[in-house]
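Every number in this text was worked out from the coordinates using simple rules, so none of it is lab data. Since the model is a prediction, treat every value here as computed from it, not as a measurement. All Cβ positions, even for glycine, are placed from backbone atoms using ideal geometry, and neighbour counts span all protein chains on display.
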Amino acid sequence: MGARRDSWRAVGQKLGRGTPGTPCDADGHPDPVGFLLILPFQSRFEELTADLLTIYLCAVLFGTLAIALIVAPVTAHRIFFRLLVKDRLVLWGDRMAKAGLFCFAVTVGLVVALVIGFLLGISTGIIAGIVSFLVVALLWVVLPLMVVRRTEGPE
């Protein structure tokens, strides 16, 4: 039971750090969702093409979904604290966190596509967005899996 409690505590600490919707999170890292929220108030926002506006709207939607999925386990923990459902919460929280991180990776790719597409053209932006998403997937999924496979014993 102690390992599950530690797992849940670690999930909560990692997910509860940032303040979504600000240009930087609590640790000072850039927040692409906060960046998206201020864009419509910039004078050049009206220069977006229909394709770039679609990318922008998709980025806002995926970013919003990422926030909801990443914060959901923390909220559920607050609601169900001491109701003896920790095992289910840990499993559910893990799934929500993974889905939220996927949506966040998509948001990063869309933000890159938006910015590069605005500056250098839609085709270049889409390629840069796809490459960014793949780099994030490599760093967040493939690399950790490689490390785990090379590790022989438990932590």
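Using DSSP to call loops (not H, G, I, E or B), can you name the trypsin sites (Lys or Arg not before Pro) in segment 29-117 whose Cβ has at most 12 other Cβ atoms within 10 angstrom?
Listed in order of number, the matching sites are 82.
In whole Å, what is the distance between the alpha-carbon centres of segment 39-83 and segment 84-135?
A separation of 11 Å, based on Cα centres.
Need one number: nm distance between label points at residue 147 and residue 135, each 7 Å from Cα along Cα→Cβ, rounded to one decimal.
1.9 nm
Are there any chymotrypsin sites (Phe, Trp or Tyr not before Pro) in segment 52-127 that are in a DSSP loop and have at most 10 other Cβ atoms within 10 Å? List them by number.
81
Looking at segment 43-155 from every direction and averaging, what is the projected area of its Cα convex hull in nm²?
Mean shadow area of the hull around the Cα atoms is 9.8 nm².
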